[in-house]
Amino acid sequence: MTLLHPCLALALALLCGLISGIPPGEKRLKRPSLWASLAYVLFLTAATFCALRLGHLDDRKAVIASMAAGGVVAILSVILSDLSVGVSIALAAAGACVAHLVRADSFPGVSLVFAFSVAMGVVFYGPMPGSIAAALTGGLMTMTDYLGKASGDQTNRALIGVALGIALSVAAVVAVASKRIAPKAVGRFEPALVAVLAAGAGYAVSRWAIGGDLWIVLGIAAVSALVVHWLVPPEGEVAPLRAAVASVIWLALGTISFSMLRGFGMATALLEGLVVLLLLGNNRALFTVGPTLGLVVYRVLRDASPDSSRALDLGQHYGITGLAIGAVIPVLYSDWYERKSKIGDMREALANLLWGFVLVCLPVLSIVVLGAKGASGIVVGLGFGGFLIASRRANPSPAMAVIIAAGAANAAAVDWIGEAMDLTRQEKLHSFGWWALAMGIAALGILALSSRKAVKETL
């Protein structure tokens, strides 16, 4: 990979931003909250310090660059959030290039850092369309490249995540331009147009990059996204059965793509389908992707630590426990976000900082207490949390970004602190006590900062 790839992605982001329409009464640029920005930077700094201390990587500059790239993409996505989500997708593609540029020989170890960093931006800035798009596509691009490199049989598979991101950014530019030039002609045919453009982008990447059956997987993914968009519309009530059928469609897509191209095929198919839903503005349908996204993150975890991560056996107590805990995490955060009162920028930034601490602590607890099976159960369960939210009203929610962030942290931590699995029972209980105490204090802090009695509504 050369500098041409990120430069091309940035050029597409600029072009998409220039042709994007601005909603009435909105500005082209949005000013992010100062307190949220300070808390986000503080959190990324602390996370970088922990990664450097615990990680088994010999290139510290790579970790710092990937963490910084995720932060920059997240902040830019907030600033440009009133523009088309195609801008954020292109920015995410540019940021995903950093792991290749700084660690061209062994980038997988630092690519998860970018996925974690960009996804955590949604926690601090809220679920704006642009930030959600950057979190999901940025995380999946790096995971696609991760699984592509891990497959080992074709070296150029390690670039498909970025290549597909750039190609889908081109599709986004064409879709936005078509809608601006001929809005009436596009009209109700917009979903079909977006699906065709995305399928064309996938076909181009498949045929020109690696050949084989990838284009079939990506074509099925685009059609699946179109069907899910119809089953789970962005507005109005959604029957639980429709949400369940949509989740089954994604699981079926994951099964087909896994049988053809293993975990690499699952990640590429999910990236393709997610971009279609993002371009159509269907944030509610994104939640139905949750279970399949959990399986993709599980494949990343297995490849991150093949010696410690065994096949997920749900008949095991630890696996079931981890699955239940993982499913609760995004739902718990989503409920807190939707029900919290207006608490002011500073209090909300501090509460989000504590939530970030909790999300980082969970992988440590799962690995120390539940071992590899419990850690595997948690990353799979994270995805099912999205399914539990899918049938609700179409309120913006950061839950999907939380899945990416917590999943990336878990996949990295299982290798970085894997020696904790060899602790004695007494040592595990001792560690659990300290970590649980820290999380308990953080939870009390979140409750105190979110209390309706703590501040006036006018703040």
Go through the residues of segment 145-167 one by one and say whether even a single one is acidic (Asp, Glu), open to solvent by less than 40 Å² (accessible area, probe 1.4 Å) and in a helix (DSSP H, G or I). yes
Test for Asp335: is it surrounded by fewer than 24 Cβ atoms within 10 Å (Cβ to Cβ), at pLDDT 80 or above and out of contact with any strand residue (DSSP E or B) (no Cβ under 7 Å at 6 or more places or on another chain): no
Just to be sure, is Ile367 open to solvent by less than 10 Å² (accessible area, probe 1.4 Å) and at pLDDT below 75? yes
(1) open to solvent by less than 40 Å² (accessible area, probe 1.4 Å); (2) more than 26 Å from Gly294 (Cβ to Cβ): which one isn't true of Pro183, the others all being true? (1)
Pick from Val205, Val173, Val186, Val194: which is in contact with a Leu (Cβ under 7 Å, 6 or more places away or on another chain), more than 19 Å from Gly281 (Cβ to Cβ) and of a type in the set (Val, Ile, Thr)? Val205
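What helices (runs of 4 or more DSSP H) lie completely within segment 181-296 and have 3 or more residues being over 19 Å from Ala135 (Cα atoms)? Walk me through how you get there before you give the answer.
Details: elements: 183-186, 190-205, 214-231, 240-279, 283-286.
In segment 181-296, the matching helices (runs of 4 or more DSSP H) lie at 183-186, 190-205, 214-231, 240-279.
Any chance segment 425-437 includes a residue that's open to solvent by 20 Å² or more (accessible area, probe 1.4 Å), at pLDDT 80 or above and either more than 26 Å from the chain's Cα centre (by Cα) or of a type in the set (Asp, Glu) (or both)? Even if it seems obvious, please write down each step before you answer.
Here is the first cut: in segment 425-437, the residues open to solvent by 20 Å² or more (accessible area, probe 1.4 Å) are 425-437.
Of the ones still in play, those that are also at pLDDT 80 or above are 437.
Going one step further and asking which of them are either more than 26 Å from the chain's Cα centre (by Cα) or of a type in the set (Asp, Glu) (or both), we end up with 437.
Yes - at least one qualifying residue is present in segment 425-437.
Can you list the helices (runs of 4 or more DSSP H) lying wholly within segment 1-83 that have 1 or more residues being surrounded by fewer than 16 Cβ atoms within 10 Å (Cβ to Cβ) and either of a type in the set (Gly, Ala, Ser) or at positive phi (or both)?
By residue number, 4-19, 34-54.
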Could you list, in sequence order, the residues of segment 338-363 that are modelled with pLDDT under 70 and open to solvent by 20 Å² or more (accessible area, probe 1.4 Å)? Lys342
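Within segment 207-235, restricting attention to residues that are among the small types (Gly, Ala, Ser) and either modelled with pLDDT of 85 or more or open to solvent by less than 30 Å² (accessible area, probe 1.4 Å) (or both), which residue is farthest from Leu193 (Cα to Cα)?
Step one: of segment 207-235, the residues among the small types (Gly, Ala, Ser) are 209, 211-212, 219, 221-222, 224-225.
Then drop every residue that is not either modelled with pLDDT of 85 or more or open to solvent by less than 30 Å² (accessible area, probe 1.4 Å) (or both), which leaves 211, 219, 221-222, 224-225.
Details: Gly211: 24, Gly219: 13, Ala221: 15, Ala222: 11, Ser224: 14, Ala225: 12 Å.
Applying the filter and picking the extreme gives Gly211.
The values are calculated or read from the model by the stated rules, or taken from the named source; none is laboratory data. What you see is a predicted model; the values in this text were computed from it and never measured. Here Cβ is always computed from backbone atoms with ideal geometry, including for glycine, and neighbour counts include all displayed protein chains. Remember, those area values only see protein heavy atoms, side chains included, never the ligands or the DNA or RNA. Shrake-Rupley method; radii C 1.70, N 1.55, O 1.52, S 1.80 Å.
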